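The values are calculated or read from the model by the stated rules, or taken from the named source; none is laboratory data. Only a predicted model underlies this, so the values are computations on that prediction, with no experimental measurement involved. Note that each Cβ is placed from the backbone with ideal geometry, even for glycine, and that neighbours are counted across all protein chains shown. Accessible surface areas use protein heavy atoms only, side chains included; no ligands, DNA or RNA. Shrake-Rupley method; radii C 1.70, N 1.55, O 1.52, S 1.80 Å.
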Amino acid sequence: MSLIVQKYGGTSVGSPDRIKNVASRVAKWHGEKHHIVVVVSAMSGVTDGLIKIAREISPEPTEREMDVLLATGEQTTIALLAIALNQIGVPACSFTGAQAGIVTDGVHTKARIKNITPKKIHDALEGGQVVIIAGFQGETADGRITTLGRGGSDLSAIAIAAALKADVCQIYTDVDGVYTTDPRIVPEASKIAELSYDEMLEMASLGSKVMQSRSVEFAKKFGVVFEVRSSLNDTSGTIVKEETGNMEKVVVRGVSLEKNQAKVTLSGVPDQPGVAVKVFKALADDNINVDMIIQNVSSSRVTDISFTINKDDIAKTRRAIEPVIGVIRAAGFTAQEGVAKISVVGIGMRSHGGVAAAMFEALSGAGINIQMISTSEIKISVVVDESVAVDGVKAIHSKFHLEC
Ligand code: ADP
Ligand code: ASP
Ligand code: MG
């Protein structure tokens, strides 16, 4: 008898019919005598809807209360799925994150899982029940409700699979696997059969939101092999696991696009020790994620520093940086919206050259100007104008012959 953890995302539980569909799929696995633990997201649109209501009441609600609010989305789904399973004669019981023993740190809205005590889960499984757990949430040791960052039900599923030492971890979503790029943007994208944790991690953190990046980090750390597949058909999906020698043969595995970026520039910054630390420490203290950082070559001991952030963090960044501007005696601060980041990812890049040149050639062929560039061992990212980003993705995707 195997222990299977399945996660169903928002679209897969987005209506009563979809919930019934999930129930009948779970019933099938349960009927085959497997132990089944199901992790669910809020119904599609619910989390966004709750955020919108809170912002109508207050422009900056406290993060503690946002967690209490957002956790209700997943709590609704666990009960509905348990009701749907019971209705078709399958014994099932639902647990919130806290009831399932998921303990997190106290960083509201992006808490980290510290440990899981799965006693109640084991007891329910032993009793023949399907166990349904609310994704995206946990509880601090002192009893505060927390959430795990957007897309965090993926993390719940992977962490529960690790804690239970599950035999199989399946992430069910609205596409039937991880594609070479978002198939909604490039319909010619092809499904990837197998990919390494590092590639999935880069793709996820560079904008391919099919998996939450923190969940992939966790899977890598604890060696949880998982499959991304569709909740609407039975075709096999994409297996994500430790890399194998074979995987290096593919130079570019996928192309990711991250919209909603902003480019921040501090101009006229004195080129002397201690400046960068003051800027980036202020941002880190406010939990602002900074991505690409570029410092220009200085002439006359003054330089410009540019970096990218999520556009939603502009106001927070301005607040964090303004006091620093005076201290470091910078000339000015600008934040430019309307930029996007395109990245190519592949572990094969370690052993193959020429990838950057081919990528830049594709962009130049499409008449697209590159504003910033950053590279690592297995990825190359560029910042471009958001209005031409999709054309850029298409040009690069085709340049590397990734279509099916
Ligand atoms: P869920 O609600 O199931 O968690 P998400 O919306 O978070 O689903 O993730 C699935 C979506 O991810 C797909 O609908 C697709 O548009 C998007 N996506 C982005 N990049 C990729 C990719 N490379 N492969 C597959 N899907 C991708
Ligand atoms: N409901 C949460 C979100 O929309 C978590 C998730 O779906 O994974 O981000
Ligand atoms: Mg998701």
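For region 339-372, the set of residues classified as over 25 Å from Lys249 (Cα atoms) and in contact (Cβ under 8 Å) with a residue 24 or more places away in the chain consists of Val339, Ala340, Lys341, Gly365, Ala366, Ile368, Gln371, Met372, listed by residue number. Across region 13-46, what is the number of residues that are within 16 Å of ligand 3 (Cβ to nearest atom) and buried (at least 23 other Cβ atoms within 10 Å of the Cβ)? The number of residues fulfilling the criteria is 7.
Considered as a group, the residues in region 47-59 that are of a type outside the set (A, V, I, L, M) and open to solvent by less than 40 Å² (accessible area, probe 1.4 Å) include one that is farthest from ligand 1 (Cβ to nearest atom), and that residue is Ser58. Scanning region 186-201 for residues that are within 24 Å of Ala42 (Cα to Cα) and open to solvent by less than 30 Å² (accessible area, probe 1.4 Å) turns up at least one hit.
Note on region 94-113: residues that are open to solvent by 30 Å² or more (accessible area, probe 1.4 Å), over 23 Å from Ile51 (Cβ atoms) and in contact (Cβ under 8 Å) with a residue 24 or more places away in the chain total 2.
Matching residues to (1) of a type in the set (A, V, I, L, M); (2) closer than 21 Å to Val275 by Cα:
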{"position": "Ala330", "(1), (2)": "yes, yes"}
{"position": "Gly338", "(1), (2)": "no, no"}
{"position": "Val355", "(1), (2)": "yes, no"}
{"position": "Val382", "(1), (2)": "yes, no"}
{"position": "Gly392", "(1), (2)": "no, no"}
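Taking the criterion of being open to solvent by 10 Å² or more (accessible area, probe 1.4 Å) and not polar (S, T, N, Q), the residues of region 156-174 that qualify are Ala162, Ala163, Leu164, Lys165, Ala166, Asp167, Val168, Asp174. Within region 68-127, restricting attention to residues that are basic (Lys, Arg) and assigned to a loop (DSSP other than H, G, I, E, B), which residue is nearest to ligand 3 (Cβ to nearest atom)? Looking at residues that are basic (Lys, Arg) and assigned to a loop (DSSP other than H, G, I, E, B), I get Lys110. Screening Leu232, Leu283 for residues that are open to solvent by 80 Å² or more (accessible area, probe 1.4 Å) and modelled with pLDDT of 95 or more leaves exactly one candidate, Leu232.
Out of Glu242, Glu217, one residue alone is within 11 Å of Ile158 (Cα to Cα), more than 14 Å from ligand 1 (Cβ to nearest atom) and not hydroxyl-bearing (Ser, Thr, Tyr). It is Glu217.
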